[in-house]
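The values are calculated or read from the model by the stated rules, or taken from the named source; none is laboratory data. Bear in mind that the values here come from a model prediction, so they are computed numbers and not experimental data. Cβ placement follows ideal geometry from the backbone for every residue including glycine, while neighbour counts extend to all protein chains displayed. What goes into the accessible areas is simple: the full protein's heavy atoms, side chains included, and nothing from ligands, DNA or RNA. Shrake-Rupley method; radii C 1.70, N 1.55, O 1.52, S 1.80 Å.
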Amino acid sequence: MKKIFTLLCITTFMLTSCSNDDDTDFDTIGQSFEVDNVDFIGPEFAVNIPFPVGVEVFDADVVLVYRLEEVVNGNDVWEPLPTPLIILDSGGELTYRFNFTLNDVDILLDTPDIGLVGTNFTDNQVFRIVIVPSRFAQDSKIDFSDINAVQSALKLDF
């Protein structure tokens, strides 16, 4: 009887002393926004996009950038950055890439000869920027190259 009472006391103590009072919230709250009419102008061929008011990025968060490549039958086709090398009919080549801070995203168009790149690659570009919480990015098995999978997992509607 004494052993049962001791076991019961230990179990009760363990259950009552273990609590989760920390304020850490690991809910997945992703954020996204779209930027249109982006023009790449020389000599840098880079665009700085500040995060809108209300969009908060933390040190460990991941930022993803997608470029609207085309629209097929009314459906947007998003390509993740950095893009693979794009070989143009003109003989030119280019790549879109990006970097980010806690305040903004820089999107860069890299090409050895801008004269061979048409305005369909430099003018009126549309980008979607997705901020992925660090916990989600670490634990997720989502294919980040697929914007629809990312938005669905983060419960983002666009």
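Of the residues that make up segment 61-69, is at least one over 26 Å from Gln31 (Cα atoms) and either open to solvent by 40 Å² or more (accessible area, probe 1.4 Å) or at pLDDT 95 or above (or both)? For segment 61-69, residues over 26 Å from Gln31 (Cα atoms) and either open to solvent by 40 Å² or more (accessible area, probe 1.4 Å) or at pLDDT 95 or above (or both): absent.
Test Thr83 against the criterion of being open to solvent by less than 40 Å² (accessible area, probe 1.4 Å), over 17 Å from Phe33 (Cβ atoms) and not in a strand (DSSP E or B), and give yes or no.
yes
Residues of segment 36-50 that are part of a loop (DSSP other than H, G, I, E, B) and small (Gly, Ala, Ser): Gly42 alone.
Out of all the residues in segment 51-60, is one or more closer than 24 Å to Ala153 by Cα, surrounded by fewer than 16 Cβ atoms within 10 Å (Cβ to Cβ) and aromatic (Phe, Trp, Tyr)? Among the residues of segment 51-60, at least one is closer than 24 Å to Ala153 by Cα, surrounded by fewer than 16 Cβ atoms within 10 Å (Cβ to Cβ) and aromatic (Phe, Trp, Tyr), which makes the answer yes. Checking each residue in segment 93-105 for being under 13 Å from Thr122 (Cα atoms) and surrounded by 15 or more Cβ atoms within 10 Å (Cβ to Cβ) picks out Glu93, Leu94, Tyr96.
Checked against (1) touching a residue at least 60 places away in the same chain (Cβ under 8 Å); (2) assigned to a loop (DSSP other than H, G, I, E, B); (3) open to solvent by less than 40 Å² (accessible area, probe 1.4 Å), Leu108 passes all but a single condition, namely (2).
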